[in-house]
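S.K.: Here it is, the structure in full.
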Amino acid sequence: MLFKWLKHYVPRGLYGRAALILILPVVTLQLVVSVVFIQRHFEGVTEQLSHELAQLANLALETPEYAERLRFELEEISPDDIPQAHVRRWYDFTGIVVIRQLSQDIDGLERIAMPDDDDLLLFAERNGIHYRLKTYRERVSASNPHQLLVNMVFFGVLMTFIAFVYLRNQLRPITRLAHAAESFGRGQSISYKPSGALEVRAAGRAFLNMRARIERHIEQRTMMLSGVSHDLRTPITRLRLGLSLLDREDREPLEHDVDEMQRLIDAFLDFARGDALDGDAEPVDPFELVSQIVKDAQRSQQDVSLVLQKGQGEIPLRPKALRRAIENLTGNAVRYGTKCEISVILTERSLRVCIEDDGPGIPDEEREKALRPFVRLDPARNQNRGSGVGLGLAIAADIAKAHGGVLRLGESQSLGGLRAEIVIGHSVGLS
């Protein structure tokens, strides 16, 4: 339970936790040394000085004519002038030792008053006469006790700063490695060279090898799909030429099959381009991008509307890839439903593009499966409105991941159909 409570107050960043690990032992050590030193050293010094002062005070009380030589101001007083209790300030801890030691060593001592840092007043009785002895407080307290604390704080801060500089140099390679990995997760291959400690260098080299293998795999898959799709275009063209020689009645069903093959090839190419995204990210106004997609859909006689725009600004995006993802989701919405509504929300933390339709939707247990490539959920969607190969949602999901985001599927609250939401997190960065 204690660790769960402390977890909310512990820094979450690497620099903050490293600083805590560095500073906490230093502060604890200084506090322990200070308490032990003050308790033993200053208390011992105060007891010794108080004992010496007590001997002089006894001599001054026995022989009042020597009081001035002993640096006392001796004055006879009435009993009413004696305080009812010892006087000291609540934070004067050495005053406790002074009162205890002087009470033991001065005969007839009745009260002690230490009203400030300068004066020490002793009220005593000798031979039926009440005296007040005034002297300097510095005669019973160690001089400049704060110097130890000042030196400890100064050198503690200095050494902590020096250690933090070295620690920062050790943590910087880890930060650079994390930035390179995060950028690669968003589809950006930035320059990175392993540096730092041996363990960090080993992790950096492992990351570079992993990145090279993934890029090689993506390139090979893209080339394979592109090559296969390109090779199929030639026989499809020959089929079209051959079908053109047939009668119309026999030609139409065969041409329909050829068109279906062409759509499959185009879907494969789109899926291949989902990994090999178009160029680097650039500042893009998402509202303008979505507005243009909506206008293009409306010119195609599709019931698509932009119902909500919230926020403003530009963020780094790949416009062609994001446009392909939104068009895929919009095409699915009008294919399996009759109406599509799009909303765009841009905040300091994320970009949200939501596409909703009034179709049959996708059950909860099938939504994760629907994001996989080549998956067609015939019972969930109206296949009479169009056919596909199950790549539309997969392409949109890959493009969202390449932007450091995610594609979420849910139920539309306004239209009752499917709700597809592309969420691109704040790690992309607002401009």
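S.K.: Checking residue 42 against (1) modelled with pLDDT of 75 or more; (2) loosely packed, with under 11 Cβ neighbours inside 10 Å, which test does it fail?
M.R.: (2)
S.K.: Residue 136 - would you say it is over 30 Å from residue 398 (Cα atoms), touching a residue at least 60 places away in the same chain (Cβ under 8 Å) and either surrounded by 15 or more Cβ atoms within 10 Å (Cβ to Cβ) or touching a Phe, Trp or Tyr at 6+ places or on another chain (Cβ under 9 Å) (or both)?
M.R.: Taking the combined requirement at face value, the residue does not satisfy it.
S.K.: Can you pull out every residue in the stretch 217-241 that is open to solvent by 80 Å² or more (accessible area, probe 1.4 Å) and touching a Leu at 6+ places or on another chain (Cβ under 6 Å)?
M.R.: none
S.K.: Right, something else. Considering only the stretch 63-78, state which residues are open to solvent by 60 Å² or more (accessible area, probe 1.4 Å), modelled with pLDDT of 90 or more and not in a loop (DSSP other than H, G, I, E, B).
M.R.: Selection gives 73, 75, 76.
S.K.: Now for a separate question. More than 30 Å from residue 262 (Cβ to Cβ) and touching a residue at least 12 places away in the same chain (Cβ under 8 Å): does that describe residue 208?
M.R.: yes
S.K.: Now a separate question. Please go through the stretch 67-112 and pick out each residue that is more than 60 Å from the chain's Cα centre (by Cα) and of a type in the set (A, V, I, L, M).
M.R.: Of everything in the stretch 67-112, those that are more than 60 Å from the chain's Cα centre (by Cα) and of a type in the set (A, V, I, L, M) turn out to be 67, 70, 74, 77, 82, 106, 109.
S.K.: Inside the stretch 291-317, can you point out the residues that are in contact with a Ser or Thr (Cβ under 9 Å, 6 or more places away or on another chain) and open to solvent by less than 20 Å² (accessible area, probe 1.4 Å)?
M.R.: 293, 294, 297, 304, 315
S.K.: If you go through the stretch 318-350, how many residues are assigned to a loop (DSSP other than H, G, I, E, B), more than 31 Å from the chain's Cα centre (by Cα) and crowded, with 19+ Cβ neighbours inside 10 Å?
M.R.: Total meeting the criteria: 1.
S.K.: Need pairs with beta-carbon distance below 6 Å; first residue closer than 14 Å to residue 235 by Cα and within the stretch 253-267, second in a helix (DSSP H, G or I) and small (Gly, Ala, Ser); sequence gap 6+ or separate chains.
M.R.: Correct list of pairs: 265/229.
S.K.: Considering only the stretch 105-133, state which residues are farther than 13 Å from residue 70 by Cβ, touching a Phe, Trp or Tyr at 6+ places or on another chain (Cβ under 6 Å) and open to solvent by less than 60 Å² (accessible area, probe 1.4 Å).
M.R.: Answer for the stretch 105-133, where residues must be farther than 13 Å from residue 70 by Cβ, touching a Phe, Trp or Tyr at 6+ places or on another chain (Cβ under 6 Å) and open to solvent by less than 60 Å² (accessible area, probe 1.4 Å): 110, 124.
S.K.: Exactly one condition in (1) open to solvent by 70 Å² or more (accessible area, probe 1.4 Å); (2) within 40 Å of the chain's Cα centre (by Cα); (3) modelled with pLDDT of 75 or more is not met by residue 208; state its number.
M.R.: With (1) open to solvent by 70 Å² or more (accessible area, probe 1.4 Å); (2) within 40 Å of the chain's Cα centre (by Cα); (3) modelled with pLDDT of 75 or more applied to residue 208, the lone miss is (1).
S.K.: Still on this structure, please answer the following. Which residue, of 89, 137, 111, 132, is over 17 Å from residue 49 (Cα atoms) and modelled with pLDDT under 90?
M.R.: Only one candidate passes the filter, namely 89.
S.K.: A further question follows. Might you let me know whether the stretch 351-367 holds any residue that is modelled with pLDDT under 85, in a helix (DSSP H, G or I), crowded, with 21+ Cβ neighbours inside 10 Å and among the acidic types (Asp, Glu)?
M.R.: no
S.K.: Right, here's the next one. Assess whether residue 214 counts as being loosely packed, with under 14 Cβ neighbours inside 10 Å and either touching a helix residue (DSSP H, G or I) at 6+ places or on another chain (Cβ under 7 Å) or among the aromatic types (Phe, Trp, Tyr) (or both).
M.R.: When the stated conditions are applied, residue 214 does not pass them.
Each row is one residue, and each column tells you yes or no for (1) under 28 Å from the mean Cα position of the chain (by Cα); (2) at pLDDT below 85.
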residue: 155; (1), (2): no, yes
residue: 163; (1), (2): yes, yes
residue: 177; (1), (2): yes, no
residue: 190; (1), (2): yes, yes
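S.K.: Still on this structure, please answer the following. For residue 234, are the conditions met, namely being modelled with pLDDT of 75 or more, assigned to a helix (DSSP H, G or I) and of a type in the set (Ser, Thr, Tyr)?
M.R.: So residue 234 passes the test.
S.K.: For the stretch 176-183, check the following and say yes or no: at least one residue is of a type outside the set (Gly, Ala, Ser), in a helix (DSSP H, G or I) and surrounded by 15 or more Cβ atoms within 10 Å (Cβ to Cβ).
M.R.: Checked the stretch 176-183: at least one residue is of a type outside the set (Gly, Ala, Ser), in a helix (DSSP H, G or I) and surrounded by 15 or more Cβ atoms within 10 Å (Cβ to Cβ).
The values are calculated or read from the model by the stated rules, or taken from the named source; none is laboratory data. All values reported here derive from a predicted model rather than from experimental measurement. With ideal geometry, Cβ positions are generated from the backbone for all residues, glycine too; neighbour counts draw on all protein chains shown. Ligands, DNA and RNA are excluded from the accessible area calculation, which covers all protein heavy atoms including side chains. Shrake-Rupley method; radii C 1.70, N 1.55, O 1.52, S 1.80 Å.
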